[in-house]
There are 2 protein chains.
Amino acid sequence: MIPTIGVFARSPDRGRGLARDMAVRWALAECGQDYRIDPLAFADLNAPEHKARQPFGQIPTYEDDGLVLFESGAIVLHVAQAHPGLLPTDAAARARAVAWMFAAVSTLEPVIVERETALLLEGDCNWTAARLPLLDARIMRRLDDLAAWLGPRDWLECDFTAGDLMMICVLRRLASSGLVAAVPVLADYVARGEARPGFVTAFAAQRALFAG
Amino acid sequence: MIPTIGVFARSPDRGRGLARDMAVRWALAECGQDYRIDPLAFADLNAPEHKARQPFGQIPTYEDDGLVLFESGAIVLHVAQAHPGLLPTDAAARARAVAWMFAAVSTLEPVIVERETALLLEGDCNWTAARLPLLDARIMRRLDDLAAWLGPRDWLECDFTAGDLMMICVLRRLASSGLVAAVPVLADYVARGEARPGFVTAFAAQRALFAG
């Protein structure tokens, strides 16, 4: 079976690969797995048909042979468990990779999304200029901790895993902020991820939809 | 081997079971697995010894037979994979349960933590009173979607899983806000979780530490 992933028909990031389907596309590309896409208009996200697949009206969704999944982390983990290449075979090393997946979406991403929310939904509020330094400081504390862990390593553990894939997707959301660029260890880490053939393939695929 | 979990020596929630070790304690209790605790003072969280186990200076940590894990979601998933009772045996149903675990920590929890952050770290800022209704509205949109999914079900899928465990732990963080109480379907869902013997055991264990 070829899986189908639900994506934005018109991504608000204009093809920069910041929407959460990017992680799923990248995971599938790393595994050499083809997929179809189901482009969704914003107006369709809250329709009952979509919420039956994605209870919170988000993207991506993933459908394969009767299985319907949501949450990019869960989809990437499912793909990584079904194909070789994104998780170590050793059980302990595999658990460590999964820990980094959770760290990406529940320790790094929330403080990054809080900054995005401030700019997008509270950009015209008179407190946002004063709050931004607080938000940046919260992000930088996480980035400094991550950089301290990473140090001279290429990847978070021995080899590239689904943990790196999720973490790099989350860090890429900060591209326009300059915050990752201020931490050379992390800027290099993101660049290593973006240089992988799987990333290049996945990035081109999402960009083609935007250009089309 | 008996695993050891790193917890706050003095939880800031004063024993209400809102710290993230509660999910790990609950998962272990559901599985009938004993554990030891390693109580950590706040001053020790940023020590190099702790950051070698938890790169972001948080709790909980989990150590078992040489494996060191962090992130409550990853630890609960590891426990659920190692013991029967918290994940379905069917692969597709198991993937669905994992999707709810990720939804708990990356779709529900961030908007809830944003509200906590506003009260704890920005409580004395002159914008917080004006921001709170915005934060509550973001939370209520998620809660309404979750309640719509849950409907008359007891649990998010057929049987209780690690997905319910993580979701109920996240919803419990809202207890003092009154927001979950305003959605009877979710208040009942949380109460069902809190009535499970595994929850009762785990709650008493963390409370004993606070009282001691």
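The values are calculated or read from the model by the stated rules, or taken from the named source; none is laboratory data. The structure displayed is predicted, hence computed values, not measured ones. Cβ sites come from the backbone with ideal geometry, for glycine too, and all protein chains shown count toward neighbours.
Of all residues in segment B:189-212, which are modelled with pLDDT of 95 or more, outside any helix (DSSP H, G or I) and within 16 Å of B:Arg25 (Cβ to Cβ)?
B:Arg196
Is there any pair linking a residue in segment A:53-82 that is within 17 Å of A:Trp26 (Cβ to Cβ) and more than 7 Å from every other protein chain (Cβ to nearest Cβ) to one that is hydroxyl-bearing (Ser, Thr, Tyr) and part of a loop (DSSP other than H, G, I, E, B), with Cβ under 8 Å and at least six apart or on different chains, and which?
Once the first residue is within 17 Å of A:Trp26 (Cβ to Cβ) and more than 7 Å from every other protein chain (Cβ to nearest Cβ) and sits in segment A:53-82, its partners that are hydroxyl-bearing (Ser, Thr, Tyr) and part of a loop (DSSP other than H, G, I, E, B) give A:Ala80/A:Thr161.
Which of the numbered conditions does A:Trp155 fail, given that it passes all the others? Conditions: (1) in the same structural domain as A:Val76 (by TED's automatic domain parsing); (2) touching a helix residue (DSSP H, G or I) at 6+ places or on another chain (Cβ under 7 Å); (3) hydrophobic (A, V, I, L, M, F, W, C).
The single condition A:Trp155 does not satisfy is (1).
For segment B:59-108, which residues satisfy the criterion of being surrounded by 16 or more Cβ atoms within 10 Å (Cβ to Cβ) and hydroxyl-bearing (Ser, Thr, Tyr)?
B:Thr61, B:Tyr62, B:Ser72, B:Ser106, B:Thr107
I'd like the full set of residues that are within 11 Å of another protein chain (Cβ to nearest Cβ) and either touching a residue at least 60 places away in the same chain (Cβ under 8 Å) or exposed (fewer than 15 other Cβ atoms within 10 Å of the Cβ) (or both), limited to segment A:126-143.
Within segment A:126-143, A:Asn126, A:Ala129, A:Ala130, A:Ala137, A:Arg141 qualify.
Give me the residue from segment B:97-111 that is over 12 Å from the mean Cα position of the chain (by Cα) and more than 7 Å from chain A (Cβ to nearest Cβ) and, out of that set, farthest from B:Ala29 (Cα to Cα).
Taking the candidates together, the pick is B:Val111.
Report the residue count in segment B:152-170 for those that are more than 11 Å from B:Gly193 (Cβ to Cβ) and in contact with a Lys or Arg (Cβ under 7 Å, 6 or more places away or on another chain).
1
Among the residues of segment A:1-39, count how many are of a type in the set (A, V, I, L, M) and either free of Cβ contacts under 8 Å to residues at least 24 places away in the same chain or surrounded by fewer than 21 Cβ atoms within 10 Å (Cβ to Cβ) (or both).
Total satisfying the criteria: 5.
Select from segment A:53-76 the residues that are under 20 Å from B:Ala92 (Cβ atoms), of a type in the set (Val, Ile, Thr) and either assigned to a helix (DSSP H, G or I) or touching an Asp or Glu at 6+ places or on another chain (Cβ under 9 Å) (or both) and list them in ascending order.
Within segment A:53-76, A:Thr61, A:Ile75, A:Val76 qualify.
Go through segment B:112-122 and report how many residues are of a type outside the set (Val, Ile, Thr) and within 9 Å of chain A (Cβ to nearest Cβ).
Final tally of qualifying residues: 3.
Taking into account only those residues within segment A:28-52 that are under 22 Å from B:Gly151 (Cβ atoms) and part of a helix (DSSP H, G or I), which is farthest from the other protein chains (Cβ to nearest Cβ)?
Once the filter is applied, the top-ranked residue is A:Asp44.
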